[in-house]
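The structure appears right after this line, and notes come after that.
FYI, it's all coordinate maths here, none of it is from the lab. Quick caveat: nothing in here was measured; it's all calculated off a predicted structure. Heads up, the Cβs are rebuilt from the backbone with ideal geometry, glycines too, and the neighbour counts pull from every protein chain shown.
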Amino acid sequence: MSAEVKRSKDTFTATTRDLSEGGAGIECDRALVDGEAVVLGLFLVVDGVEDERNPPLWVRGLVAWCGESDDGMTYTAGVRFDVITDDQKTWLRRVLSVIQAKT
């Protein structure tokens, strides 16, 4: 899945590595700060194109951890969802089932 990360000073794209109802692991080109508040936009991408049948999910979260990747050019981070509604959880379950069906 593709992600957009919004924080107080900027907005940038990332790629999800792990996703659950509790949070997401992301890979991006800049460091995040532990405890930093972010808003994640999660987009299901199929064959390189955003899946219009599943509109993006926007959810608030807190950065649980961030580390530099071995290549020294990217960062990985864990974002714990801070506030997530029942509708958002339903969206996540539906999208996760689509992803699992493709693997």
### Query
Equivalent-ellipsoid semi-axes (√(5λ), Cα gyration tensor) for the chain, whole Å, largest first?
22, 16, 12
### Query
Of the trypsin sites (Lys or Arg not before Pro) in segment 1-36, which ones lie in a loop per DSSP and count no more than 10 other C-beta atoms within 10 Å?
9
### Message
Net charge within 13 Å of residue 24 by Cβ-Cβ distance, Lys/Arg positive one each and Asp/Glu negative one each, not counting residue 24 itself?
### Response
-2
### Message
Nearest 10 degrees is fine. How inclined is helix 86-102 to the longest principal axis of the chain, computing both from alpha carbons?
### Response
80 degrees
## Note on the structure
Least to most buried among 84, 26, 99, by other C-beta atoms within 10 Å and fewest first, runs 99, 84, 26
